[in-house]
Amino acid sequence: MNGMRWDHLSAPPDEEHPDRAAPATPPLPLALPGAIVRTFDTPDFAGMTFYEVQAKSIINRVPGESRVPFSWTINPYRGCTHACVYCFARNSHTYLDLDAGADFDRKVIVKVNAGELVRRELAAPRWRGAAIAMGTNVDCYQRAEGRYRLLPPVIEALRDFANPFSILTKGTLILRDLPLLRQAAEATRVSLSFSVGFVDEALWRAVESGTPSPRRRLDAVRRLTDAGFEVGVLMAPILPGLSDDDGSIDATVAAIAAAGATGVTPLALHLRPGARQWYAHWLGREFPHLVPRYRELYRSGAYPPQAYQRELTARVRIAARRHGLHRGEPGDTRRLPDPSPTPAPEQLALL
């Protein structure tokens, strides 16, 4: 199973010693020389540390071998206060001498000069105005954005240069920037998507504890569609044994349709290094009876079998038709895409 273990996993240090106090002064990771370390004495940021850095660049090219529908990204943050137990981006924290588990949730790198850099790089003669995707590593509208407000100057720069962009998020904080997004949409192409894998609130509290509830996200979809945007919903991740039954799928698709989304795209959970170990530990603690099923589904690596993915997509397609999210005309934005024989969920920050 590519080194993946579903039992005998050691608990993260904070879970083994829940009463152990954090250091008074958080250490500075070796990979972040010169960062300003901040903590905030508010309930929303309890136990979290923010490393404010002056980034050298902000518009990043996607590696050529990646099969994703965009070539350029902006990621103002690394690490994510959403704390989704399945987040595939967890392993990126290990490049910063931080761990992929609790550190990813609680130690967030903030590129405080993001807006200034975006404006400078869009003005560079070599820039050709390619579309830029945001939300491709971690959520740019995570809770920290409420304090740091990095996105308004980024959107303003994209608007001023009429540069097309897309945003994928779970953060209802995007509504704060609705006036800016409408201004940008008058100048260029703006694509907005939300991630809502399920609507069960008990499951949400268990696996996405730092995010707005699914219902609040769908309320935001409605607000954005009422404002004139076509908003798609990524139904992801669909969790084997937890949200892949017909009842969960139908309830989720029905809620997505009722919110006015223009389409729904399902993706099954995938478990890359870092996320695999963290999710496996969580599953063994919370749902030990599902461990054998996951051993079987993920015995070959990060992705469940193609047969499982195709069957899952087919059931979502049936539900989408039933709730009016599949009209079937060529080019219709509501049309549910066929399952890809080679999934490329690397494009999605929120899985």
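A few points about this structure:
- The residues of the stretch 195-215 that are of a type in the set (Val, Ile, Thr) and assigned to a loop (DSSP other than H, G, I, E, B), listed by number, are Val196, Val199, Thr211.
- Some residue of the stretch 216-226 being basic (Lys, Arg), farther than 30 Å from Arg189 by Cα and modelled with pLDDT of 95 or more: no
- Any hit, the stretch 264-277, residues being modelled with pLDDT under 95 and small (Gly, Ala, Ser): yes
- The listed residues are Arg159, Arg176, and the only one of them that is assigned to a helix (DSSP H, G or I) and touching a Pro at 6+ places or on another chain (Cβ under 9 Å) turns out to be Arg176.
- Number of residues in the stretch 216-243 that are assigned to a loop (DSSP other than H, G, I, E, B) and touching a Gly at 6+ places or on another chain (Cβ under 9 Å): the value is 3.
- Among the residues listed as Asp99, Asp177, Asp139, Asp105, the single one being acidic (Asp, Glu), touching a strand residue (DSSP E or B) at 6+ places or on another chain (Cβ under 8 Å) and either under 18 Å from Phe50 (Cα atoms) or free of Cβ contacts under 8 Å to residues at least 40 places away in the same chain (or both): Asp139
- The lone exception for Val264 - which of (1) crowded, with 16+ Cβ neighbours inside 10 Å; (2) more than 19 Å from Val221 (Cβ to Cβ) it fails: (2)
- Residues in the stretch 142-151 that are in contact with a strand residue (DSSP E or B) (Cβ under 8 Å, 6 or more places away or on another chain) and part of a loop (DSSP other than H, G, I, E, B): Gln142, Ala144, Leu150.
- Restricting His82, His93 to residues that are within 23 Å of Thr169 (Cβ to Cβ), touching a Ser or Thr at 6+ places or on another chain (Cβ under 6 Å) and modelled with pLDDT of 75 or more narrows the list to His82.
- Among the candidates Arg299, Arg276, the residue that is crowded, with 20+ Cβ neighbours inside 10 Å, among the charged types (D, E, K, R), in contact (Cβ under 8 Å) with a residue 12 or more places away in the chain and out of contact with any Cys (no Cβ under 8 Å at 6 or more places or on another chain) is uniquely Arg276.
- Condition check for Arg276: closer than 20 Å to Ala89 by Cβ and among the basic types (Lys, Arg): yes
- Qualifying residue in the stretch 186-194 (condition: assigned to a helix (DSSP H, G or I), out of contact with any Ser or Thr (no Cβ under 7 Å at 6 or more places or on another chain) and without any contact (Cβ under 8 Å) to a residue 60 or more places away in the chain): yes
- Residue satisfying condition, being more than 24 Å from Tyr279 (Cβ to Cβ), of a type in the set (Val, Ile, Thr) and in contact with a Ser or Thr (Cβ under 9 Å, 6 or more places away or on another chain), within set Ile155, Ile59: Ile59
- Scanning the stretch 109-136 for residues that are surrounded by 20 or more Cβ atoms within 10 Å (Cβ to Cβ) and either modelled with pLDDT under 95 or part of a helix (DSSP H, G or I) (or both) yields Ile109, Ala114, Gly115, Leu117, Val118, Gly135, Thr136.
- Any chance Ala102 is surrounded by fewer than 18 Cβ atoms within 10 Å (Cβ to Cβ), at pLDDT 85 or above and farther than 25 Å from Asn113 by Cβ: no
- For the stretch 70-127, the set of residues classified as over 14 Å from the mean Cα position of the chain (by Cα) and of a type in the set (Lys, Arg) consists of Arg106, Lys107, Lys111, Arg119, Arg120, Arg126, listed by residue number.
- Residues satisfying the stated conditions in the stretch 195-237, i.e. over 18 Å from Ala131 (Cβ atoms), charged (D, E, K, R) and in contact (Cβ under 8 Å) with a residue 60 or more places away in the chain: Glu208
The values are calculated or read from the model by the stated rules, or taken from the named source; none is laboratory data. If you're wondering where the values come from, they're calculated on a predicted model, not measured in any experiment. Please note: Cβ atoms are built from the backbone with ideal geometry, for glycine as well, and neighbour counts cover all protein chains shown.
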